[in-house]
1. Being at pLDDT 90 or above, within 16 Å of the ligand (Cβ to nearest atom) and surrounded by 15 or more Cβ atoms within 10 Å (Cβ to Cβ) narrows it down to one residue among ALA444, ALA434; which is it?
2. Any residue at all in the range 441-449 that is under 32 Å from the mean Cα position of the chain (by Cα) and not in a helix (DSSP H, G or I)?
3. Check every one of the strands (runs of 3 or more DSSP E) wholly within the range 97-208 and list those with 2 or more residues that are closer than 18 Å to LEU17 by Cα and under 24 Å from the mean Cα position of the chain (by Cα).
4. Of the residues that sit in the range 394-426 and are within 13 Å of the ligand (Cβ to nearest atom) and of a type in the set (Asp, Glu), which one is farthest from ASN381 (Cα to Cα)?
5. Among the residues of the range 252-271, is there at least one that is at pLDDT below 90, of a type in the set (A, V, I, L, M) and in a helix (DSSP H, G or I)?
6. In this structure, is LEU325 within 16 Å of the ligand (Cβ to nearest atom), part of a helix (DSSP H, G or I) and hydrophobic (A, V, I, L, M, F, W, C)?
7. So LYS7 passes all but one of these: (1) charged (D, E, K, R); (2) modelled with pLDDT of 95 or more; (3) surrounded by fewer than 16 Cβ atoms within 10 Å (Cβ to Cβ). Which condition number does it fail?
8. Only one of GLN72, GLN81, GLN99 is without any contact (Cβ under 8 Å) to a residue 12 or more places away in the chain, under 19 Å from ARG47 (Cα atoms) and in the same structural domain as ARG127 (by TED's automatic domain parsing). Can you tell me which?
Amino acid sequence: MKANIKKSESFVCEVPLRVSETHAKILNARFEAARQMYNALLGEGLRRLSLMRQSIAYNRARAIPPTDSLRQNERSNLFKQARDTYGFSEYALSRYATQVRDSWLGEHLDAHTVQKLTKRAFSAVSRVAYGKAKKVRFKGKRRLHSVEGKSQGSAIKWKEDQVVWSGISLPLVKDALKDPVIAYGLSHRVKYVRLVRRVINGKDRFYAQLVLEGKPYQKPEHILGTEIVGLDIGPSTLAHVGETQAALTMFCEPIVRNHREIRRQQRHIDRQRRANNPDCYDEKGRAIKGQHPSKKSRRMKASLGKLSEMFRKEAAYRKSLHGRLANQILSVGININTEKLSYRAFQKTFGKSVGVRAPGMFVEILQRKAESAGGGVYTFNTRTTALSQMCHCGEKHKKPLKQRVHECTCGVVMQRDLYSAYLARFVKDDVLHATEASLAWSGAESLLRAAWRNSQQLASGRAVPASFGVFRSQSESSEKEDLVERKSLDVVAFEREPIRAQSIVGS
Ligand SMILES: [Zn+2]
């Protein structure tokens, strides 16, 4: 029965809570207690880890190579002995947590919440133990933003449209049920509740993240397409090509423009920091080693608050733009082919703009949405397919990154990213099926051409990025071809609606 519950699908629905000032005070005290508890558990976990690592049993186990199949039993027994002796397990740590709860922390924290904190702390320390992380991060003041219950039977639970936690109940904000996403979520079984605190415009706001059983809400207006979509992802651009729709777009164009405001604010704060901590910089303005500029004036604190609000808004806006773009692609098709890319390498080569546009995050969103719609994002190996060099006629053309147009002796002239996205549609099991691509080309050429031409006018009216390549109409374009082009233009269903940056990074 229990295993069944664990395996069932789940999704998260976040609902805003109405919290009075008295309750906010209580909650803040509990979050602070949770933070101290978490830090205490991290500290104890690390202490036990280091003792265990010094123990004889542990080192004898280490001396047995994991490849020595005859001594594996001995090896794991020794490890177990070391763990048991020094209490390096979630269970042992939870007994320690019970002791800590005997202090003032116990007034604010119930056993279930502490159990979840123990689990969280132990998994952080385990990551260090298994070499998956270098160190754990202790939470600074007001840096722990969420606590959660274990199940609906725990102290933090969801009951009749409110969060109930040790004597206080926090109702849903008025009218929240009018939101179809929330209404949909609340019609599902609640597995457990996470309580989240966020600072918005300098004020504490509380939310319940309900972990629910079932599939996430899908807006009814999101049509799902049936075509296979090829995708080409650049550091700032995205080309996608289906059978009847294609487009070349930019990631998060308005955000990149607004990011200047953030940079201005960062420079402002830097000047304030220097003015507040003159001893930390030498006469040339360089930071002096070992001197931490920790003094903050009241004004600087206000500036920092403003900056974090700007970042929060930017992230929220980026997420919504990514979501919109992903929905556009899914309306063409839910099965998507694209090259496997290293986003870290992207960041190294192309720098900051990648972070602001976050193509990697976009792919994650697209993947999640495609999967929940019953499709998926299939990635293939760049090295074996090398789409940017291939032509469907079979020829290979190595070209530098700055060359934005694919041009082949067989007569193909096409914007490079669009062409790669086209070819991506015909990749199966890491192999490009060039014959199929070649057969389909005569039908697809005018569509891609229209997408390329469309890309030459950005909705924002800004200059077209060089990476889009200068549009070239086919020199021998006959009347007949013109007709085909016009027809296919109607098929390109991507209205380039002006995406305005209002309300984001307001002054
Ligand atoms: Zn060719």
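1. On the way: ALA434 fails: at pLDDT 90 or above.
Exactly one of ALA444, ALA434 is at pLDDT 90 or above, within 16 Å of the ligand (Cβ to nearest atom) and surrounded by 15 or more Cβ atoms within 10 Å (Cβ to Cβ), namely ALA444.
2. No, every residue in the range 441-449 fails to be under 32 Å from the mean Cα position of the chain (by Cα) and not in a helix (DSSP H, G or I).
3. 146-148, 190-200
4. The residue in question is GLU407.
5. The answer is yes; a qualifying residue exists.
6. Numbers: within 16 Å of the ligand (Cβ to nearest atom): no; part of a helix (DSSP H, G or I): yes; hydrophobic (A, V, I, L, M, F, W, C): yes.
No; evaluated as a whole, the condition is false for this residue.
7. With (1) charged (D, E, K, R); (2) modelled with pLDDT of 95 or more; (3) surrounded by fewer than 16 Cβ atoms within 10 Å (Cβ to Cβ) applied to LYS7, the lone miss is (2).
8. Testing whether each residue is without any contact (Cβ under 8 Å) to a residue 12 or more places away in the chain, under 19 Å from ARG47 (Cα atoms) and in the same structural domain as ARG127 (by TED's automatic domain parsing) leaves just GLN99.
The values are calculated or read from the model by the stated rules, or taken from the named source; none is laboratory data. As the structure is a prediction and not an experimental result, all values here were calculated from the model. Reconstructed Cβ throughout: ideal geometry from the backbone, glycine too, with neighbour counts over all protein chains shown.
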